[in-house]
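Participant: The structure is given below, and queries will be raised subsequently.
The values are calculated or read from the model by the stated rules, or taken from the named source; none is laboratory data. All of these numbers come straight from a predicted model, not from anything done at the bench. So basically every Cβ, Gly included, is an ideal-geometry build from the backbone, and we count neighbours across all protein chains shown.
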Protein chains: 2
Amino acid sequence: MAINTQVTADHHAPAVTHTLAQFVATHPSKGWSDAVEHDALRTFLNWLGCAVGAAHHESTQAALAAVQMLEPAPQAGIAGLRARVDMASAAMINGISSHTFDFDDTHLKTIIHPAGPVASAAMALAEHLGSSGRELIDALVLGIDVSCRVGNCVYPEHYDRGWHITGTTGMLGAAAACSRLLKLDTHATQMALGIAASQPIGLREQFGTMTKPFHPGGAARAGLMSALLASKGFTASPRALEAPRGLIQVFSTKYDWSEIDKGLGQSFEISLNTFKPFACGIVIHPSIDACVQLKARGVKPEDIERLELRVHSLVLELTGKKEPQDGLQGKFSVYHGCCAGLIFGRAGEEEYADDIVTREDLQVLRRKIVAIVDDSIHEASADVTAHLHSGEQVHIRVEHAVGSLENPMTDALLEQKFHNLSDAVLGQAQTASLIKACWSLAAGDLKSLLQLIVPTSH
Amino acid sequence: MAINTQVTADHHAPAVTHTLAQFVATHPSKGWSDAVEHDALRTFLNWLGCAVGAAHHESTQAALAAVQMLEPAPQAGIAGLRARVDMASAAMINGISSHTFDFDDTHLKTIIHPAGPVASAAMALAEHLGSSGRELIDALVLGIDVSCRVGNCVYPEHYDRGWHITGTTGMLGAAAACSRLLKLDTHATQMALGIAASQPIGLREQFGTMTKPFHPGGAARAGLMSALLASKGFTASPRALEAPRGLIQVFSTKYDWSEIDKGLGQSFEISLNTFKPFACGIVIHPSIDACVQLKARGVKPEDIERLELRVHSLVLELTGKKEPQDGLQGKFSVYHGCCAGLIFGRAGEEEYADDIVTREDLQVLRRKIVAIVDDSIHEASADVTAHLHSGEQVHIRVEHAVGSLENPMTDALLEQKFHNLSDAVLGQAQTASLIKACWSLAAGDLKSLLQLIVPTSH
């Protein structure tokens with residue numbers, strides 16, 4: 001089917017709401033390869049680490065305080081906190097915390113952060129239902145497939161228009177995952193997707209405020225409630241996604257229906273998920289990666305006379321802040337990113353603390369960096385040469401930064417990232433146990449994993 | 001400011017989020033005429049009657065069953081039911097029930113049903129906070145002004161595109177009303193409007209399903225939670241409504257910013273609210289009104305040989321079903337509407353029951369009706385002539401049907417409508433007390449009114 005970029009309605013759209021509902025309701029448990037299964041565990045692990053890491057952030061705390069005004073029943077846990085709340089609120093709060101550092105997963109084809117809505121809703125409902133780890137992973141894979149396929153259908157026009165696609169497709173993925181956990185049949189799942197279709201959440205205008213992470217949180221909650229409503233017989237249009245006045249044609253002028261069923265059940269969007277090693281915009285990643293490699297090669301900041309950084313013009317356009325004054329400005333400074341890579345060998349959330357960004361040794365090193373625009377270098381690449389006081393030169397060329405689809409973070413790096421986020425919240429020992437529980441979730445016990453997300457001894 | 005119907009972004013939009021927030025936070029209590037105050041009481045009364053009337057409807061019951069899965073705290077009441085739930089869920093359920101019969105108020109300029117989102121959120125929060133009746137009415141007037149002004153700004157393009165404008169502006173009105181009840185300052189109210197801006201709820205594709213009344217219910221909940229979040233320091237863009245990637249420019253290509261502050265604080269949109277006397281589409285109302293008048297003139301069904309109905313072509317196009325087979329089809333039959341008017345002198349929800357629509361005397365009368373298209377008659381008018389067996393003719397011309405802005409329902413008719421909706425749920429005596437409590441709400445006690453929405457003796 002051709003891409004329709006017209007405003008005129010398509011009255012002959014295929015029945016994609018039904019197609020997706022049937023897929024979610026009937027696809028076999030672990031109906032995919034071991035590679036896809038492992039990708040799902042990586043997605044879950046990365047999502048959970050991000051959520052634990054932001055447990056004490058002011059946005060998570062403000063959301064929890066608001067929810068507590070509802071005097072919620074203690075149905076489900078919150079990553080990294082002792083408080084328990086009703087499952088819908090738990091879905092919302094975990095969705096908020098997991099996106100707070102902008103450090104969660106990215107489906108690069110659509111820039112959707114798919115786990116926030118889907119995993120947050122699924123884990124909360126699974127806890128309440130007493131689902132198995134296997135059922136949770138099934139729900140995660142299928143839910144993310146729904147969100148991302150709808151995303152593929154409408155990207156980029158929908159996003160360009162100003163919608164925050166993570167929350168405007170995420171409620172569908174969350175509804176799908178929760179329908180699966182509730183074992184709804186095709187019809188009821190179709191109703192759940194339909195109810196969710198009326199609730200897209202998110203505007204790009206909110207970037208830089210707490211409402212940005214609210215988008216996956218709100219989508220998680222909306223999707224979970226849509227599935228609960230459908231399980232009680234609540235009805236929606238069976239063509240809520242594809243009808244001329246359904247979601248997709250209303251919120252996008254581009255829709256490619258073939259994206260919904262192309263390889264459905266054969267290839268899984270969760271395999272296209274990527275994970276950020278560094279807590280900043282993706283465009284800085286190759287430069288940081290190069291500097292981490294310099295440090296690994298033994299280059300010390302004090303040895304450097306001049307650091308020559310050659311990058312695509314876009315990198316400096318977006319992140320050219322030469323003298324960042326605080327952590328937030330640091331996130332828009334390729335200079336600070338390089339310093340963090342060289343001095344700490346990493347650029348996690350901690351390396352974007354205000355007092356790190358303004359620390360004197362970082363300022364000194366920052367001023368040694370000379371950035372040169374070179375549009376022959378791809379925007380996903382970087383070329384760094386350290387000119388040392390000794391006269392020696394050390395050259396690093398990064399074609400695909402770590403964390404890209406071509407050069408994904410290893411499991412060991414994902415574990416290290418999890419520790420960096422979680423150790424301060426749960427303690428190192430408990431964090432190690434939690435990581436182990438994540439890897440064995442599909443065969444293991446969800447209950448014991450859930451006990452580990454709550455701070456105990458620490 | 002000119003109307004912009006271009007897709008190109010308006011980067012110089014006035015600060016309407018701030019303007020509305022300041023208005024809501026600082027406008028004096030009862031800062032309007034007695035006429036506006038009376039309009040507010042009429043809006044509240046009509047909304048509450050509709051909510052009570054649908055308490056036992058399957059959509060209300062399904063929503064309540066889903067909410068009960070969250071084991072909610074008994075913070076707030078539900079109109080017409082004994083169950084108590086958390087205030088956010090109460091807002092949602094009352095919003096659903098109040099729109100279930102499509103019998104609630106209409107802001108004709110935008111086809112917004114404004115009370116559903118706003119009153120449902122405000123009453124639930126007011127109960128929890130222990131607010132006075134005065135504070136509740138203030139919140140209602142200001143909240144409805146916010147929803148409808150944003151509606152005026154984007155109507156009709158936004159609605160034409162397929163959004164159900166009641167739920168896509170209603171979350172703003174609900175957030176405004178709840179911010180007022182929480183006594184938030186201008187900044188916090190601006191944040192509440194901003195958080196709500198990311199959560200427009202509603203697609204026209206859902207018409208005919210339970211998700212249609214979910215729209216005002218979901219909007220009520222979203223607005224209430226947005227205000228709670230803002231009260232705890234949660235942040236949003238201060239230009240969430242007007243920025244190029246803010247709500248208004250994202251979900252509409254038409255926006256007339258002058259609609260936001262034209263006469264703000266001087267004229268109030270709640271005064272443009274209308275109330276339906278008949279439980280069907282507005283286009284049938286003049287014909288039913290004429291038949292109710294025939295009955296009042298003493299015309300009996302058995303006296304009639306032929307009933308000549310002259311209407312605009314649109315009336316038959318939309319509601320020309322000659323032989324409706326059930327209640328839902330009856331709503332699309334001007335013929336059934338006329339029969340109900342002549343036989344019962346009314347056309348409330350009861351007159352659209354399946355066994356009324358198919359009753360033999362109605363079928364007999366229906367076949368005596370001859371509808372004639374006459375485009376010289378306005379679509380809001382009707383011309384009816386009863387030709388009697390006696391040879392006599394009785395002619396009724398309705399220029400403006402009862403319930404229109406030009407010929408509003410009297411307070412007595414509103415009370416009768418309330419009784420018709422509520423007597424079966426709360427009993428006649430309690431309904432009479434509840435009506436009285438509504439009229440005296442501004443000076444009276446909200447608590448005693450709230451006791452009357454729950455079935456007791458009945």
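Participant: Condition (residue is crowded, with 24+ Cβ neighbours inside 10 Å and charged (D, E, K, R)) applied to the range B:182-196: is it met by at least one residue?
Facilitator: Within the range B:182-196, none of the residues are crowded, with 24+ Cβ neighbours inside 10 Å and charged (D, E, K, R).
Participant: State all residues of the range B:180-210 that are within 13 Å of chain A (Cβ to nearest Cβ), of a type in the set (S, T, N, Q), assigned to a helix (DSSP H, G or I) and farther than 17 Å from B:Ile96 by Cα; if no residue qualifies, say none.
Facilitator: B:Gln190
Participant: Let me ask something else. Here's a check for you: in the range A:13-35, which residue that is in contact with an Asp or Glu (Cβ under 8 Å, 6 or more places away or on another chain) and surrounded by fewer than 17 Cβ atoms within 10 Å (Cβ to Cβ) is nearest to A:Gly246 (Cα to Cα)?
Facilitator: Here the answer is A:Pro14.
So that you can scan it fast, the table gives a plain yes or no per residue for (1) under 28 Å from A:Ala424 (Cα atoms); (2) of a type in the set (Gly, Ala, Ser); (3) in the same structural domain as A:Asp383 (by TED's automatic domain parsing):
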residue	(1), (2), (3)
A:Pro286	yes, no, yes
A:Ala290	yes, yes, yes
A:Gln293	yes, no, yes
A:Val311	no, no, yes
A:Val315	no, no, yes
A:Lys322	no, no, yes
A:Leu342	yes, no, yes
A:Asp355	yes, no, yes
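So that you can scan it fast, the table gives a plain yes or no per residue for (1) crowded, with 22+ Cβ neighbours inside 10 Å; (2) assigned to a helix (DSSP H, G or I); (3) modelled with pLDDT of 95 or more:
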| site | (1), (2), (3) |
| --- | --- |
| A:Leu405 | no, no, no |
| A:Pro408 | no, no, yes |
| A:Lys417 | yes, yes, yes |
| A:Asp423 | no, yes, yes |
| A:Gln430 | no, yes, yes |
| A:Ser433 | no, yes, yes |
| A:Lys436 | no, yes, yes |
| A:Ala442 | no, no, no |
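Participant: Residues that are within 14 Å of chain B (Cβ to nearest Cβ): find the helices (runs of 4 or more DSSP H) completely inside the range A:20-110 holding 3 or more of those.
Facilitator: Where helices (runs of 4 or more DSSP H) fall fully within the range A:20-110 and carry at least 3 residues being within 14 Å of chain B (Cβ to nearest Cβ), they are A:58-68, A:87-100.
Participant: So A:Ile144 ticks every box in (1) at the interface with chain B (Cβ under 8 Å from one of its Cβ atoms); (2) among the hydrophobic types (A, V, I, L, M, F, W, C); (3) in contact with a strand residue (DSSP E or B) (Cβ under 9 Å, 6 or more places away or on another chain) but one. Which box is left unticked?
Facilitator: Single failed check for A:Ile144: (1).
Table: residues versus (1) basic (Lys, Arg); (2) free of Cβ contacts under 8 Å to residues at least 40 places away in the same chain.
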{"position": "A:Gly167", "(1), (2)": "no, no"}
{"position": "A:Arg180", "(1), (2)": "yes, no"}
{"position": "A:Lys183", "(1), (2)": "yes, yes"}
{"position": "A:Ala197", "(1), (2)": "no, no"}
{"position": "A:Gln206", "(1), (2)": "no, no"}
{"position": "A:Leu224", "(1), (2)": "no, no"}
{"position": "A:Ala227", "(1), (2)": "no, no"}
{"position": "A:Ala236", "(1), (2)": "no, no"}
{"position": "A:Glu242", "(1), (2)": "no, no"}
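Participant: For the range B:224-235, name all the residues that are farther than 18 Å from A:Leu203 by Cα and surrounded by fewer than 24 Cβ atoms within 10 Å (Cβ to Cβ).
Facilitator: Passing the criteria: B:Ser231, B:Lys232, B:Gly233.
Participant: Kindly check whether there is at least one residue in the range A:268-285 that is within 28 Å of A:Phe103 (Cα to Cα), among the basic types (Lys, Arg) and surrounded by fewer than 16 Cβ atoms within 10 Å (Cβ to Cβ).
Facilitator: no
Participant: If you take the residues in the range A:448-457 that are in a helix (DSSP H, G or I) and free of Cβ contacts under 8 Å to residues at least 60 places away in the same chain, which one is surrounded by the most Cβ atoms within 10 Å (Cβ to Cβ)?
Facilitator: A:Leu452
Participant: Can you tell me which residue within the range A:236-264, out of those that are farther than 25 Å from B:Asp160 by Cβ and buried (at least 21 other Cβ atoms within 10 Å of the Cβ), is nearest to the other protein chains (Cβ to nearest Cβ)?
Facilitator: Among residues in the range A:236-264 that are farther than 25 Å from B:Asp160 by Cβ and buried (at least 21 other Cβ atoms within 10 Å of the Cβ), the one nearest to the other protein chains (Cβ to nearest Cβ) is A:Ile260.
Participant: What number of residues within the range A:246-268 satisfy the criterion of being over 12 Å from A:Leu20 (Cβ atoms) and in contact with a His (Cβ under 9 Å, 6 or more places away or on another chain)?
Facilitator: Qualifying residue count for the region: 5.
Participant: Now, a different point. Restricting to the range A:57-75, give me the number of residues that are under 20 Å from A:Thr456 (Cβ atoms), surrounded by 24 or more Cβ atoms within 10 Å (Cβ to Cβ) and of a type outside the set (Val, Ile, Thr).
Facilitator: 0
Participant: Let me ask something else. Consider B:Ala222 carefully, then state whether it is within 17 Å of B:Val141 (Cβ to Cβ), among the aliphatic types (A, V, I, L, M), more than 7 Å from chain A (Cβ to nearest Cβ) and assigned to a helix (DSSP H, G or I).
Facilitator: no
Participant: Can you tell me which residue among B:Gln293, B:Gln199 is at pLDDT 95 or above, over 30 Å from B:Tyr335 (Cβ atoms) and either surrounded by 24 or more Cβ atoms within 10 Å (Cβ to Cβ) or of a type outside the set (Ser, Thr, Tyr) (or both)?
Facilitator: B:Gln199
Participant: Okay, next question. Any chance the range A:269-287 includes a residue that's more than 10 Å from chain B (Cβ to nearest Cβ), more than 16 Å from the chain's Cα centre (by Cα) and polar (S, T, N, Q)?
Facilitator: Checking the range A:269-287: at least one residue is more than 10 Å from chain B (Cβ to nearest Cβ), more than 16 Å from the chain's Cα centre (by Cα) and polar (S, T, N, Q).
Participant: With respect to A:Arg221, determine if the residue is in the same structural domain as A:Leu129 (by TED's automatic domain parsing), surrounded by fewer than 24 Cβ atoms within 10 Å (Cβ to Cβ), charged (D, E, K, R) and touching a helix residue (DSSP H, G or I) at 6+ places or on another chain (Cβ under 9 Å).
Facilitator: no
Participant: Return a yes/no flag: does the range B:148-159 have any residue that is more than 10 Å from chain A (Cβ to nearest Cβ), closer than 27 Å to A:Pro213 by Cβ and among the hydroxyl-bearing types (Ser, Thr, Tyr).
Facilitator: No, because not a single residue in the range B:148-159 is more than 10 Å from chain A (Cβ to nearest Cβ), closer than 27 Å to A:Pro213 by Cβ and among the hydroxyl-bearing types (Ser, Thr, Tyr).
Participant: Based on this model, can you work out whether A:Thr168 counts as surrounded by 24 or more Cβ atoms within 10 Å (Cβ to Cβ), closer than 30 Å to B:Leu241 by Cβ, of a type in the set (Ser, Thr, Tyr) and at pLDDT 95 or above?
Facilitator: yes
Participant: Only one of B:Ser147, B:Ser97 is at pLDDT 95 or above and farther than 22 Å from B:Ala21 by Cβ; which?
Facilitator: So the residue among B:Ser147, B:Ser97 that is at pLDDT 95 or above and farther than 22 Å from B:Ala21 by Cβ is B:Ser97.
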